[in-house]
Structures are given as C-alpha cells and as structure tokens.
Amino acid sequence: MWRYVVWRLLLTLPTLLGAVTFVFLMVRLLPGDPAVAIAGVQATPEFVEQVRREFGLDQPLPVQYITFLGRLLQGDLGISTRTRQPVWEELWARFPHTLELALAALVVAALIGIPAGIISAVRPYSLFDNFSMLVALFGVSIPVFWLGLMLMLLFSVQLGWLPATGRGTLAHLVLPAVTLGTASAALIARMTRSSMLEVLTQDYVQTARAKGVPERVVILRHALKNAFIPVVTVLGLQLGTLLSGAVLTETVFAWPGVGRLVVESILARDYPVVQGVVLLLATTFVILNLIVDLVYAWLDPRIRYE
Amino acid sequence: MSERERSSFGDPAVTAVEPTRAGKWKPQREGAPGLERRRAAGELRRALRRLGRHRLALLGLLIVGIFTVCAILAPWLAPYDPTDASLRERRQPPSWEHPLGTDELGRDLLSRLLWGARISMLIGLIAVGIGVALGVPLGALSGYYGGRFDLLVQRLVDIMLAFPGILLAIAIVAVLGVGLENVMIAVGIASVPIYVRLVRGSILTLKEQEYVLAARALGASDGRIIFRHLLPNCLGPILVQSTLQIATAILWAAGLGFLGLGAQPPTPEWGTMLSKGRVFIRVAPHLTLFPGLAIFLLVLGFNLLGDGLRDALDPRMRKLTGPGARA
C-alpha cells in the first residue's frame, strides 16, 4: 500500500509542474508581442513598456520561469490588470462560491443518478431501465447553458417560484445546482447501472440467492457494496469536472464564482487572473484525482498499479 | 466463451472492422487470404444488420442526416439572407412569414439556424479531425515503442488531462484569441488525449497478437506493422469515439460561443446566437428556445449514432452498458 501511495504521489508532481508550466507559457505564447496583446492594440508605447516590465517580459525566458515559480511558491499569482488587486484575493473571494455550486450539483447528481442506476440494473431492459437510460442520454446531450435558461424561463419567469439569478439563499442555489448536476446525474446513473449489472452476475451473488437470502438483501448488502467502488471514483472525478464545468452555469445564473471571473478576464485580457483561475482549477482537479485514486486503492486492496 | 463473445474494446481485435482493411489488403503475403476476407465481409454484414435493427441508432442517423442536408443545402433552403437585418421586424414571434420568428436585429431565425448547422457540423468535423490527426499517431507510436517515448507522451497526456473538460479549450482560446477558427483548434487539441489513450491501449493489446509476430517474422517494417496491421484493427473504437466526440465538440464549441469566446456576431453560430438572444428571454423566448433546441438535437443525434455503432461493432458491450450507455 505505502509503495503505491508514494508512487502515486510522485506521479502527481510532474503533472502539477506541467500544468504550472502550461499556465506560465500561456502569456508568453500570446500571438505577436505578448506585451501588446496584454496592453491592448490601442495602448500607448509607454504603457506597453510598463506592461513588459511588470510581467517581466523583457527578461530571458528561463529567468521569467524561475521568477514565476518562485513567486508561485510564495502564493503570489500577480496583480489583476483590471482591478489592480492581487489575483490571490480575487480567487479567495470567488472560489468558495464555485465550490458551493459544484458540491450542490454533485449532491443533486448523486441523489438522482445512483437510485436510477440501481433500479435500472435490477430490472434491466424494463420500461424504467429503457426510459431512464434514454433520459440519461438526453442529459449528456443537452447544452448546459440552454438547460439553465429553459429552467429559468419555466421556474422563474413563468411560474415565479425561484429567483432567476444571483447567489444568497438556498432558493438561489436550486436552479444552478440542478442545471450543473444534470449531465453528471446521467453519467452516474450509467456508471451505477453497468457496475451493478457486472456485480450481479458474480458467483457470490448467485450463491447468496441460492441459499435463500431475500432479493432485497442480496441487492443492498451483497451487490451494492462492491458495485459502489467505481461509483465513488466517478463521484470524485465528477467534482473536479463540475468545478470547471461551472463556467457556463455561472454565466447563465450570474453566479459570482471563478468561472465567470475567468470569462470576464479573458474578454478583458486580464491574463494574471486567467492564469490564476486556470491554475487553481487544474491543481484542484489533480489533487482530487490523487485522493480518488488513494481512496480507491484503500477500498479495493486488489488495486496496485505497477 | 466463443471467439465472437470475447472480442471487445478491451481486446480490440474486433473482427467487425476488418472489412475496411480487406478492401486494401494484399492478402497474398499473409495467411489464408480468401477465408480471412470472407469472414471479414461476413462480420461487416452482421455489424450493419445489427445497426439496422438498432432503432435508436437509426433515429440518430436520421437526425444527423437531416442536419447534414440542412448544412449542405443552407443557401437554397434558407428563405432569407442570414445576415439581412431589418430593424422594423425586430424580435417577432414565429409567423407565416418567419416560421421561427426574427432575432434582435430583425434577421430571420430559421435562415440563421440553417446556416448555423453548417458551422456546427464543420466545427465538429474539423475539431475531431485535429484530435484524430494528432492523437492517433501519438497513441500508436507510444503504445508500439513503449519505453521513454511512451513515458513522455503519457506525462504530456496527464498534463493535458489536468485541465478537465471544457477548461483546456477555454485556456487555449485565452491564448489563441477569441474566434471561430481558434475554437475549432482549441476543441480539437483538447480531444487529443482521448485518442492517445484509446489507441495506445488498443495497440498494447494488439501488438502481442500472433499475426503481428507473423508479420514481423516475415520482415515487415515497424511502419508497415503499425499502419497496415495494427491501426486498421483500431478503426472500430476510433470510429465510435469520433462519433461521440463530434457531439462533445459541438457542445463545447457552442458553449464557448455562448461565453462570447467563440464565433463573433454576425456569424450565425448557434451558441453565439443563444447568448445574444438570452437578454430578451422574457419578451422573446424563441430566441433562446430554438438555437438551443438545434444544438441539443444535433448532439443527441451523434450520441445516439455513436452508441448504436458501438453496440453494432461490439455486441458484448450491450449486455453490460445497455441502451445508450457510455461510461
């Protein structure tokens, strides 16, 4: 186990360093003169020069890289060119909102997806199974921003039951969480179904049935426990995906998270903030992956890669 | 377990994909050629028959077909010029004159949606083309040669996968700049790791097969083994993945358009149209309803078709994953 943990940790480091390097290169790879790209085409030459110095673009690339890494280790992500605030502060203020939304979406997805998957697997090819798998296919095909707008149209504009935009009360959270969670619910339902189906064909399940264990107990006690391991993995990975996927949902519902921040920053050419958000989301995702893998290995002692 | 039942994507020696190869194959050199070819043709017929019986897949094919016709015939089908603004007819609800109404500048929505089909189809095809063109060779070489090259490619893939879902595409657009071409490139690059993983995995299992050893014993070069023997056997999984990936590419591109990072007005791109129309969701909901419905239907079509193709090429998977499964 420990060898696996160490190996898995070591594997994470190059990935993280790679992500950091990509984020570093983002600004340096801007087409044309990066300083002009950041300052804007209409900027005065003086301002372009100021930007060049501020971003260290007048230094040789390796020097820039070392400086970037050094600052990063001190938690310094630079200064927003738009608000002149430290990027770190902006992320700190916004990220909890995104996390709140993603967690709520994950809860919605699990509450819908897991029961649907279990019932489908217990009665494969039944009306319920066919119906729920078709709905799942709709769930992964529907554009999330459109779903959000349609829900808003129905429940806010027409019925007036829920607030359309903004963040605050629990009621504000409902529509964005359902919107963001739908695609995940579909994936989780499919995953639960196929995992359950596989487990239900195992010998020990047959044995349990043969010795007269009630079907309910066979499914809930014998099958579900083992079928859950891959489902837990998907849940963990989905959280990371939801954090990034929140970009669209946040834009629809004017949710003040990092997703909206990154879009606004791209359109305003506020590259330090763009870098900060991308780095934050990637790092979170890599660490979530790591945790999921370790939990997986802990749950299932057979898993030891290499 | 019979031979057929064992073939799956984990072991992608799916005989059903061989016909593509049988066409070009020069069978004199290796093995019993006639038999091989007949068996391959039989497999293709069986796969096609399975696809023909798959009602959801046929529905998907129908949807994709209709949108393809719309995309190709847009200039003739569209009743109006998609960029022809008429300020007097702004935000009109659907009518006989304008079947789907008009947008915020008085342009005919139906005409814009028809032209938009062209853009979305193009985005899907080009983005997936980029993903295949970069990902398949990288995956094949990585799986075939292994060693340090494989390790390097795998770490690169890991890094790309550290940016989940649409985030990588957003980050690439942030570098390349806003616009339709850059969206295609960004979405294409973002799909590269999927193909690298898929093809590498397939090649790893395939390269241990006897016919590869036989080819090597006959003195075939590495390039010949990869391109003539290994890759043709990965075509099935690649085809299935690409059909599903077109769906994802269309969704992502529309999402980028919606965020204002994609095609810029007056281009009739569905996502961009939606983001312009949503401002008027209270007074003119049709501006939000129809473009979104178009995206949804086209994506659904590709997803249905992709799932059906997978079931047809690999009947064993159906038992486990059921109708419309993709996990």
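The values are calculated or read from the model by the stated rules, or taken from the named source; none is laboratory data. Computed from a predicted model, the values in this text were never measured in an experiment. Here the Cβ is made from the backbone with ideal geometry for all residues, glycine too, and neighbour counts use every protein chain on show.
The table that follows gives values for the structure above.
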| item | result |
| --- | --- |
| Hey, B:L297 at pLDDT 90 or above, facing another protein chain (nearest Cβ under 10 Å) and within 18 Å of A:T249 (Cβ to Cβ) or not | no |
| Candidates A:L187, A:L224 - the one that is assigned to a helix (DSSP H, G or I), touching a residue at least 12 places away in the same chain (Cβ under 8 Å) and either more than 30 Å from A:A282 (Cβ to Cβ) or among the β-branched types (V, I, T) (or both) | A:L224 |
| Every residue from the stretch B:150-169 that is surrounded by 20 or more Cβ atoms within 10 Å (Cβ to Cβ), touching a Pro at 6+ places or on another chain (Cβ under 9 Å) and at the interface with chain A (Cβ under 7 Å from one of its Cβ atoms) | B:I159 |
| The stretch B:170-192, residues that are closer than 24 Å to A:L17 by Cβ, surrounded by 24 or more Cβ atoms within 10 Å (Cβ to Cβ) and more than 10 Å from chain A (Cβ to nearest Cβ) | B:A186, B:A190, B:S191 |
| Filtered residues of the stretch A:1-43 (kept if of a type in the set (S, T, N, Q) and either within 25 Å of the chain's Cα centre (by Cα) or within 10 Å of chain B (Cβ to nearest Cβ) (or both)) | A:T12, A:T15, A:T21 |
| Every residue from the stretch B:203-215 that is of a type outside the set (A, V, I, L, M) and within 25 Å of B:G135 (Cβ to Cβ) | B:T205, B:K207, B:E208, B:Q209, B:Y211 |
| Search result, residues across the stretch B:288-315 that are under 15 Å from A:M152 (Cβ atoms) and crowded, with 24+ Cβ neighbours inside 10 Å | B:T288, B:G292 |
| The listed residue being farther than 30 Å from A:T182 by Cα, among the acidic types (D, E) and in contact with a strand residue (DSSP E or B) (Cβ under 9 Å, 6 or more places away or on another chain), out of A:E46, A:E54 | A:E54 |
| Residue list for the stretch A:196-226, restricted to those being crowded, with 19+ Cβ neighbours inside 10 Å and of a type in the set (V, I, T) | A:V199, A:V218, A:I219 |
| Qualifying residue in the stretch B:239-246 (condition: closer than 21 Å to A:L149 by Cα, under 18 Å from the mean Cα position of the chain (by Cα) and either acidic (D, E) or within 13 Å of chain A (Cβ to nearest Cβ) (or both)) | no |
| Leading residue by the ranking (nearest to A:N289 (Cα to Cα)) among those in the stretch A:1-56 that are of a type in the set (S, T, Y) and buried (at least 16 other Cβ atoms within 10 Å of the Cβ) | A:T12 |
| Pair list, Cβ < 9 Å and 6+ apart or interchain, from the stretch B:247-274 residues that are more than 10 Å from every other protein chain (Cβ to nearest Cβ) and on the phi < 0 side of the Ramachandran plot to residues that are of a type in the set (K, R) and part of a loop (DSSP other than H, G, I, E, B) | B:P266/B:R107; B:P268/B:R107 |
| Residue satisfying all of: in the stretch A:102-145; hydroxyl-bearing (S, T, Y) and not in a helix (DSSP H, G or I); nearest to the other protein chains (Cβ to nearest Cβ) among these | A:Y125 |
| Qualifying residue in the stretch A:238-255 (condition: within 14 Å of chain B (Cβ to nearest Cβ), in contact with a Lys or Arg (Cβ under 7 Å, 6 or more places away or on another chain) and of a type in the set (S, T, Y)) | yes |
| Subset tally (residues that are under 17 Å from A:Q275 (Cβ atoms) and not in a helix (DSSP H, G or I)) for the stretch A:43-58 | 3 |
| Single residue of the stretch A:227-268 satisfying the filter (of a type in the set (S, T, Y) and at pLDDT 90 or above) that is surrounded by the fewest Cβ atoms within 10 Å (Cβ to Cβ) | A:T251 |
| Criterion violated by A:E250 - all others in (1) of a type in the set (D, E); (2) closer than 29 Å to A:F68 by Cα; (3) within 14 Å of the chain's Cα centre (by Cα) satisfied | (2) |
| Complete set of residues in the stretch B:89-130 that are acidic (D, E) and touching a helix residue (DSSP H, G or I) at 6+ places or on another chain (Cβ under 7 Å) | B:D103, B:E104 |
| Among residues of the stretch B:118-138, those that are over 11 Å from the mean Cα position of the chain (by Cα) and either assigned to a strand (DSSP E or B) or crowded, with 24+ Cβ neighbours inside 10 Å (or both), counted | 3 |
| So A:P163, is it in a loop (DSSP other than H, G, I, E, B), more than 9 Å from chain B (Cβ to nearest Cβ), touching a Leu at 6+ places or on another chain (Cβ under 9 Å) and surrounded by 17 or more Cβ atoms within 10 Å (Cβ to Cβ) | yes |
